[in-house]
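Take a look at the structure below.
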Amino acid sequence: MELVQTKYRWIVVIPIVLPLSLLYNFYLKIRNKFVFLMVSSPKRHAQKVAAVAAQMKKSNAKMCTSRSVYDSMSIFHAKYKETLKKIDLSNFIDILQVDTVKRTVRVEPLVTCGQLTHALLPLGWTAAVLPELDDLTVGGLIMGFGIESSSHKYGLFQHICESYEIILPGGEVVVCSKTENPDLFYAIPWSHGTIGFLLSAEIQIVPAKKYACITYEPCTTRQQMVKRFEEASRDTDYEFVECLAYGPEKGVVMTGVFSDIPTNPSSVHNLGAWYGPWFYKHVESFFTKGKATEFIPLRDYYHRHTKSIFWNLEDIIPFGNNILFRIFLGWLLPPKIAFLKMTTTEKLHELHVKTHFIEDFLVPVKKLNDTLDMLDEMVGFYPLWLCPCKIYKTPFKGLINPGKGDDLYVDVGIYGMVPKARANPQEFAKNYLDLHHTVEKWIRNIGGYQALYALTHQSKKEFEEMFDHTLYEEVRKKYNCDSIFPQLYQKVSREGRK
């Protein structure tokens, strides 16, 4: 039955999930525009903070946010929420201030990447790192993990943050930055709300232009692809660098810069048009077309993977990239992750978790070729998303730190059903843990990191070998977090997720 639900899930998604998603997106767009134009959000922020502080002062029980599992972008369910006291931060959804003199924007934690582009681009600005899916939230990008094709230049999302406003155990509100409470500032990223709850963040913005000028370079050998990708990743004259690997020996390296005026009007690609091909399919076409350059409206570029949720939508609507579907129903895309979760049965969710590999791994660039070999042998799924990033040395060592020497890493994103699982999903599901343990061990041994929006299958000891807990534990002790917040491992491992 689960296999039938998986194969024909589009029967529910097209008539129910897609219309609901469209209506909800329309509501959010109108609501956010009204709030931003009326400039009411800064006045209300202090009231919202006071309400959260009051909630926390009333209880000594262990806490988490009340955010529904359906609102998370992760496919996993947060079972730890079943036993913890829930603190309501659901109305922290506003952009508070844009300061073009300081080059910062101050936002609440549930502001999404889609909100940021809608608010900043008309003003001629953009966040220095702006991850590509509309529904990713600032809080998730800081407390969890955030990366984009500009990360080779600016680092991870946490590296463009100037300050955080945090509420600690007992309802104490503090601001932290590189100069004010710096130990707390460097301990917060990747901590998943186990030190305090994020109330607002101040983020770096940079001047934006109308277009992203993107050059596509198809590579037909692994050596050519890895060499060109590393060269581009070390060149900070590029604003954007990424690569899609379509097999063990081929991929398309993409580099880009901001641009105001297309050199050739015919080279403008309105990527956001509902009838256009999904981005990863468009990129694949350059194996036939050869190297080429095109101009993409900047907002379309930032959210290029949103329409097809990278390539995950192909499993749900196999004919979704068909020209007829795109013309007549493409305007309904993308589906909201929350509504997809609501229409997933418990058994289907369990089968999905055991047969799909949804992971991002940060690996040292010098280990990229070996990592691709390992993933081809162990997982064998394509496309892979390759995105370079800097991991900077900081005065206080947080949970992730660069290795000795090179600070350039590559995010290897794997999002899909393991090919070996397609023939017999139930049989594959019996031993799926072996695959995860093998891959996690490899990443740990080369000094890499596992993005924690997914579920880690490592033991607590292995987890603490991968992530430096020294500062994290010092800060938790300093602010008496043990009695109020669970440990990080308890939230991101099988102890806290399913």
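Numerical summary
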| read-out | value |
| --- | --- |
| Subset of the range 271-311 (residues that are without any contact (Cβ under 8 Å) to a residue 60 or more places away in the chain, over 25 Å from residue 219 (Cα atoms) and of a type outside the set (A, V, I, L, M, F, W, C)) | 272, 275, 307 |
| Counted residues, the range 39-60 - those being modelled with pLDDT under 90 and either farther than 15 Å from residue 119 by Cα or out of contact with any helix residue (DSSP H, G or I) (no Cβ under 6 Å at 6 or more places or on another chain) (or both) | 8 |
| Listing of strands (runs of 3 or more DSSP E) fully contained in the range 45-144 that carry 3 or more residues being aliphatic (A, V, I, L, M) | 95-99 |
| Pairs where the first residue, in the range 209-230, is acidic (Asp, Glu) and the second is at pLDDT 95 or above, C-beta under 7 Å, 6+ apart | 217/228; 217/252; 217/253; 217/291; 230/365 |
| Unique match (being over 28 Å from residue 182 (Cβ atoms) and either touching a residue at least 24 places away in the same chain (Cβ under 8 Å) or of a type in the set (A, V, I, L, M) (or both)) among 420, 491 | 420 |
| The range 4-38, subset farther than 26 Å from residue 65 by Cα, at pLDDT below 75 and over 25 Å from the mean Cα position of the chain (by Cα), residue surrounded by the most Cβ atoms within 10 Å (Cβ to Cβ) | 5 |
| Filter result (assigned to a loop (DSSP other than H, G, I, E, B) and surrounded by fewer than 19 Cβ atoms within 10 Å (Cβ to Cβ)) within the range 278-301 | 285, 290, 291 |
| Subset of the range 119-129 that is among the aliphatic types (A, V, I, L, M) and in contact with a Ser or Thr (Cβ under 7 Å, 6 or more places away or on another chain) - its residue that is surrounded by the most Cβ atoms within 10 Å (Cβ to Cβ) | 129 |
| Which listed residue, of 358, 337, 316, is among the aliphatic types (A, V, I, L, M) and either over 24 Å from residue 133 (Cα atoms) or touching a helix residue (DSSP H, G or I) at 6+ places or on another chain (Cβ under 6 Å) (or both) | 316 |
| Helices (runs of 4 or more DSSP H) wholly inside the range 421-472 containing at least 3 residues that are closer than 24 Å to residue 408 by Cα and at pLDDT 95 or above | 432-445, 460-466 |
| Any chance residue 319 is assigned to a strand (DSSP E or B), over 22 Å from the mean Cα position of the chain (by Cα) and surrounded by fewer than 20 Cβ atoms within 10 Å (Cβ to Cβ) | no |
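The values are calculated or read from the model by the stated rules, or taken from the named source; none is laboratory data. What you are looking at is a predicted structure, and each value in this text was computed from that prediction instead of being measured. Note that we place each Cβ from the backbone using ideal geometry, even for glycine, and neighbour counts take in every protein chain shown.
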